[in-house]
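To start, the structure itself, in structure tokens.
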């Protein structure tokens, strides 16, 4: 057929050094363990909080976007910033409603919300790594 493959290179080169890869694997493992411990504690504490965790997923989106912007220099366009503002406004509304209009006391709600936000931040770090 007249096709030659003489200039084909089969080597895969890494853009990062070996120590950087090892550090990133360590941090990924660390964030995975911390996230698992927080989620297990949270699920053992109260089974009804699963829907609260789903409602507060917007924080993970915001955290991932900001981490990608600051760590790996991903470009943020106007539509990205606009959607993050909309998500932030909705997240604040959800947190306010959950804090004051829930059947539990404010201290318990605050603890649950902070645990969920911490877990979402850990997941965002894991996604960015």
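All of the numbers you see were taken from the coordinates with simple rules; none came from a lab. A quick note: this is a predicted structure, and the numbers were derived from the prediction, not measured. Cβ sites come from the backbone with ideal geometry, for glycine too, and all protein chains shown count toward neighbours.
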I'd like the FRET efficiency for residue 114 and residue 75, computed as 1/(1 + (r/R0)^6) with the beta carbon distance as r and R0 of 41 Å, rounded to 0.05.
0.85
Over the chain: Kirkwood hydrodynamic radius from C-alpha pairwise inverse distances, Å:
17.5
Spin-label pair residue 30/residue 13, simplified geometry with 7 Å Cα→Cβ offset, distance in nm
3.1
Cut-off is 10 Å between beta-carbons; in what order do 100, 31 appear when sorted fewest neighbours first?
100, 31
Determine which residues of segment 67-105 fall in the zone a paramagnetic label at residue 51 would reach in this model, i.e. backbone nitrogen under 19 Å from the point 7 Å along Cα→Cβ.
91-105
To the nearest 0.05, the calculated FRET efficiency linking residue 105 and residue 37 through their beta-carbon distance, R0 being 25 Å, is 0.50
How far is helix 18-45 tilted, in degrees, relative to the longest principal axis of the Cα atoms in the chain, given as a value from 0 to 90 rounded to the nearest 10?
30
Cα axis of helix 78-100 to longest principal axis of the chain: angle in degrees, 0 to 90, nearest 10?
30
With angles folded into 0 to 90 degrees, how steeply does helix 58-71 sit against the dominant principal axis of the chain? Use alpha carbons for both and round to 10.
40
What shape does segment 59-111 take by its C-alpha gyration tensor, where a ≥ b ≥ c are the square roots of the eigenvalues and a/c under 1.5 counts as rounded, a/b above b/c as prolate, and the rest as oblate?
oblate
